[in-house]
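The values are calculated or read from the model by the stated rules, or taken from the named source; none is laboratory data. All figures in this text were calculated on a predicted structure; none of them were measured in a lab. Virtual Cβ from ideal backbone geometry, glycine too; neighbours counted across all protein chains shown. The protein model used for the area step is the full one, side chains on, heavy atoms only, and it has no ligands, DNA or RNA in it. Shrake-Rupley method; radii C 1.70, N 1.55, O 1.52, S 1.80 Å.
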Amino acid sequence: RAASAAAAEAKMLEKVARGDKLSNKERRLHQKYLQREEERREEEEKQQAMAEEPPEVQTWLKELEAFSLHLPSGDREDEQGNVIGASGDAVSVEGFTLSAPGQDLLKDASLTLAKGKR
């Protein structure tokens with residue numbers, strides 16, 4: 001299956017290079033290809049920038065990449081249509097998880113940052 005997908009992608013790229021019209025399926029494939037190429041380019045730039053850092057900073061950045069943060073979608077709204085958890089004086093995040101390799105540091109946690117309150 002991977003070989004047929006690669007063949008379809010190669011065929012689509014040939015059509016793009018010739019300027020031929022793409023079918024809907026080929027357009028979707030081309031969009032995915034462009035997205036993968038953009039992600040690859042961004043990753044290369046990130047790796048190049050990291051290589052230019054001093055060794056101790058490189059070590060710190062690699063350790064930091066091991067952490068994972070999962071945030072809820074945040075699409076809950078109140079009766080006025082405002083996103084719940086955001087107001088002029090406070091920001092609230094409900095149900096987030098922070099993980100390090102092999103363990104959860106914070107699971108289904110809540111955080112509220114309020115201005116002017118102790």
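Being among the hydroxyl-bearing types (Ser, Thr, Tyr), free of Cβ contacts under 8 Å to residues at least 40 places away in the same chain, more than 30 Å from residue 100 (Cβ to Cβ) and open to solvent by less than 80 Å² (accessible area, probe 1.4 Å), is that true of even one residue in the stretch 41-59?
Scanning the stretch 41-59 turns up no residue that is among the hydroxyl-bearing types (Ser, Thr, Tyr), free of Cβ contacts under 8 Å to residues at least 40 places away in the same chain, more than 30 Å from residue 100 (Cβ to Cβ) and open to solvent by less than 80 Å² (accessible area, probe 1.4 Å).
Return only the number of the condition from (1) surrounded by 10 or more Cβ atoms within 10 Å (Cβ to Cβ); (2) modelled with pLDDT of 90 or more; (3) not hydroxyl-bearing (Ser, Thr, Tyr) that residue 17 does not satisfy.
(1)
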